[in-house]
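All remarks here apply to the structure that follows.
The values are calculated or read from the model by the stated rules, or taken from the named source; none is laboratory data. In this text, all values refer to a predicted model and were calculated from it rather than measured experimentally. For neighbour counting, all protein chains shown are included, and Cβ atoms are generated from backbone atoms with ideal geometry for every residue, glycine included. In case anyone asks, the SASA skips ligands and DNA or RNA and just uses the protein heavy atoms, side chains included. Shrake-Rupley method; radii C 1.70, N 1.55, O 1.52, S 1.80 Å.
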Amino acid sequence: QVQLVESGGGLVQAGGSLRLSCAASGRTFSRYAMGWFRQAPGKEREFVAAIGWNGVGIYYGDSVKGRFTISRDNAKNTGYLQMNSLKPEDTAVYYCAASESRLGTLGYMYDYWGQGTQVTVSS
C-alpha cells in the first residue's frame, strides 16, 4: 500500500503558475503509475495528466495540454504537476493517484488517492 500527500496548491491570478507535489510513502513509489485528477464544485472528476512508473508514457487531458507538465522523481518518491498559464476554469481540488497495474486516464484504474489540494485561480 502507498500513501499519497499533495501539496503546493493555493490562490493564484490568471496567467500565473503553480507546482503541485505528490509525496508518496509506504511501498516503492517507482512501481506505480501516477496520475493527477481534479474536481471542481458541482462537476465530475476530470483527468488531468498521467505518467508511467519510469517516466515513459505520458498523457494529458485536452483542457491542459500545452500548459501543464507532469513529472516524477522516483529517488525522492515524489511526483509533480507544473501548471502554467492558469485559467479560472482550472480552479478545483487536485488529487494525485497511484496505480499498481496500469497507466490510464480513468479514475477506476487507480488504486490509491491523496486527500487533495485546492487550487484557486482568480480572474
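Hey, can you find the accessible area per residue of the chain for me, probe 1.4 Å, expressed in square angstrom? List each step's numbers first, then the result.
Working: 6240 Å² over 123 residues.
Value for the chain: 51 Å² per residue.
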> Within straight cross-link reach of Lys76, meaning Cα distance under 28 Å, which lysines are found once same-chain residues fewer than 8 apart are removed?
Replying inline: Lys65
> In debye, nearest 20: dipole of region 68-118 around its Cα centre with unit charges on the Cβ of K, R (+) and D, E (-)?
Replying inline: 100
>> Could you tell me which residue out of Tyr108, Gln1, Thr91 lies farthest along the dipole of the chain toward its positive end? Charges go on the beta carbon: Lys and Arg +1, Asp and Glu -1, centred on the Cα centre.
In response: Gln1
> Which percent of the accessible area of the chain is formed by carbon and sulfur heavy atoms (probe 1.4 angstrom)?
Replying inline: 47
> Using unit Cβ charges (K, R positive; D, E negative) and no other charged atoms, how large, in debye to the nearest 20, is the dipole of region 5-123 about its Cα centre?
Replying inline: 200
> What FRET efficiency would be calculated for the residue pair Ser101, Ser17, taking the C-beta separation as r and a Förster radius of 25 Å, to the nearest 0.05?
Replying inline: 0.15
>> Please give me the summed charge of the neighbours of Thr120: other residues whose Cβ is under 13 Å from its Cβ, Lys and Arg +1, Asp and Glu -1.
In response: 0
>> Please compute the modelled spin-label separation between Asp111 and Gln1, points set 7 Å along Cα→Cβ, answer in nm with one decimal.
In response: 1.2
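Magnitude of the Cβ-charge dipole of region 36-89, K/R +1 and D/E -1, about the Cα centre, nearest 20 debye?
Details: 8 positive and 5 negative charges, 18 e Å.
The calculation lands at about 80 debye.
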>> Could you give the length gained by full extension between Ser123 and Ser71, i.e. 0.36 nm per residue of separation minus their alpha carbon distance, to one decimal place?
In response: 16.0 nm
> How would you order 93-101, 113-121 from highest to lowest mean count of nearby Cβ atoms within 10 Å?
Replying inline: 93-101, 113-121
> Please state the relative contact order of region 11-123 as a whole percent: Cα pairs under 8 Å, 6+ residues apart?
Replying inline: 35
>> Straight-line reach only, C-alpha to C-alpha below 17 angstrom: list the lysines that Lys43 could link to, leaving out same-chain residues fewer than 8 apart.
In response: Lys87
